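Here the structure is laid out as structure tokens; the discussion comes afterwards.
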Amino acid sequence: ESIRFYERVLGAHVVQRSEHLAFLTYDEEHHRIALVATAQPEPAPPGAAGLDHLAYTFKDLHELLQAYARLRREGILPVWTINHGPTTSLYYQDPDGNRVELQVDNFATEEEGKAWMASEAFEQNPIGVEFDSERLLERYVRGEPVELLLRQGATEAGGADSGPPPALQNRSIDATRMIAPSHFAHAVLRTRNLAGAIRFYERVLGAHVVQQSKYLAFLTYDEEHHRIALAYTPQKAPAPPNAAGLDHLAYTVLDLPALLQTYARLRQEGILPVWTINHGPTTSLYYQDPDGNKVELQVDNFATEAELKACMQSESFARNPIGIEFDADKLLERYLRGDTIELLLQQGATEAPPRSKL
């Protein structure tokens, strides 16, 4: 069911699948989503620290509404429709209750998006204004300006809106065409320790705060207006072990020198990985935030996405899709003494020390 959900909602396809594991992508990346079966029947308590949702950006309002129309035709309806200010967003819920936000940017540039998030209006209402997706689609099809439709309050959820302006040229929507997002936008995490979580993502991802209030913080590490949002939760009860939900978020660094430089910096600051493993397609360091969420810092082991996908579709990967652990200190040591990058990226380049079970 989860595979079908992400195939339908994101336009993803399966790259590799086994009995308990599936890797999917919707673009040139070897995989954007990995789904792992769990035998844990007990769900996380409402509001528990962990994933709130993942967000994916579409190229423009036309593609977002085309995705909405196609999903509606298939009986998949959003659970929440809201204009956050920086984005116009549709939220869907997968079979395990994880939410997926499909969004379009409301501003032409990231600078305008960041300026909105730093504004007094956003500080007063960082959640946004709900809208009626049916009315938004109707107004778009009858030709109203996109700039108007992306404004907060363009349609009121359940309320009335204005009649059509004169002399508009109708637009068409193809409710049968599959459109994938243009890129992954951000993750939103609930946290019991907002200050600690902010510091963790500042140190591990090199992120900085774009906007912060008492219970909410938005951070980015690149040109995007935010890559991580952290929301305080008073829920103290943790999710049961292996409950359905987020396992980890993965971030790719430029190359092995950048990954090892980050490892050395974090080690100096007393932040150590909880797992170091060469998955085959990637060499990966896993860190754990104050709420127990895992963050994977990785480097691709192959020069092209075609080689990465070929690795994932190989017999050796099917036999061992998890990978081989390595000793990060030994990897750093061998890098510094001049061993070749190609050799260091191979599985088994160093042996892992004994470790406790995650």
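Okay, here's what the table says:
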{"read-out": "Separation of alpha-carbon centers, region 109-148 and region 19-49, rounded to whole Å", "value": "30 Å"}
{"read-out": "Estimated distance in nm for a label pair at HIS20 and ILE127, the labels positioned 7 Å out from Cα along Cα-to-Cβ", "value": "4.0 nm"}
{"read-out": "Using θ = phi - 60° and Karplus 6.51 cos²θ - 1.76 cosθ + 1.60, couplings along region 180-196 (whole Hz; Gly, Pro as x)", "value": "8, x, 7, 6, 6, 9, 6, 10, 10, 10, 8, 9, 8, 9, 4, 4, x"}
{"read-out": "Region 194-240 versus region 75-98: alpha-carbon centroid distance in Å", "value": "21 Å"}
{"read-out": "Helix-only mean residue ellipticity at 222 nm for the chain, each DSSP H run of n ≥ 4 adding -39500 (n - 2.57), per residue, nearest 500", "value": "-7500 deg cm²/dmol"}
{"read-out": "Computed E for GLU112/THR176 - FRET, C-beta separation, R0 30 angstrom, nearest 0.05", "value": "0.35"}
{"read-out": "Solvent-accessible area per residue for region 98-221 (1.4 angstrom probe, square angstrom)", "value": "51 Å²"}
{"read-out": "Of all accessible heavy-atom area on region 184-281, the percent that carbon and sulfur account for (1.4 Å)", "value": "53 percent"}
{"read-out": "Amide H partners (placed H, <5 Å) of ALA207, local residues excluded", "value": "GLU202"}
{"read-out": "Gaussian network model of the chain, springs between alpha carbon atoms under 10 Å - residue of ARG199, ARG337, ARG142 with greatest fluctuation", "value": "ARG337"}
{"read-out": "Rounded FRET efficiency, nearest 0.05, which uses the C-beta distance separating VAL209 from THR340 and R0 of 35 Å", "value": "0.30"}
{"read-out": "Order of exposure, largest accessible area first, which applies to MET312, MET178 with probe 1.4 Å", "value": "MET178, MET312"}
{"read-out": "Region 31-121, accessible surface, carbon-and-sulfur percent (1.4 angstrom probe)", "value": "52 percent"}
{"read-out": "Distance between modelled label sites at ALA39 and ARG199, nm, 7 Å Cα→Cβ extension", "value": "3.9 nm"}
{"read-out": "Cross-link pairs beyond the 31 Å C-alpha cut-off, checked among LYS59/LYS309; LYS114/LYS294; LYS59/LYS294; LYS294/LYS330; LYS59/LYS236; LYS214/LYS294", "value": "LYS59/LYS236"}
{"read-out": "Within a Gaussian network of the chain (alpha carbon springs, distance under 10 Å), most fluctuating of GLY50, GLY75, GLY143", "value": "GLY75"}
{"read-out": "Simple label model, 7 Å out from Cα along Cβ direction - ALA237 to ARG319, nm", "value": "4.5 nm"}
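The values are calculated or read from the model by the stated rules, or taken from the named source; none is laboratory data. Since the model is a prediction, treat every value here as computed from it, not as a measurement. Quick reminder, even Gly has a Cβ in these numbers, built from the backbone with ideal geometry, and neighbours come from all protein chains shown. With ligands, DNA and RNA removed, areas are computed over all heavy atoms of the protein, side chains included. Shrake-Rupley method; radii C 1.70, N 1.55, O 1.52, S 1.80 Å.
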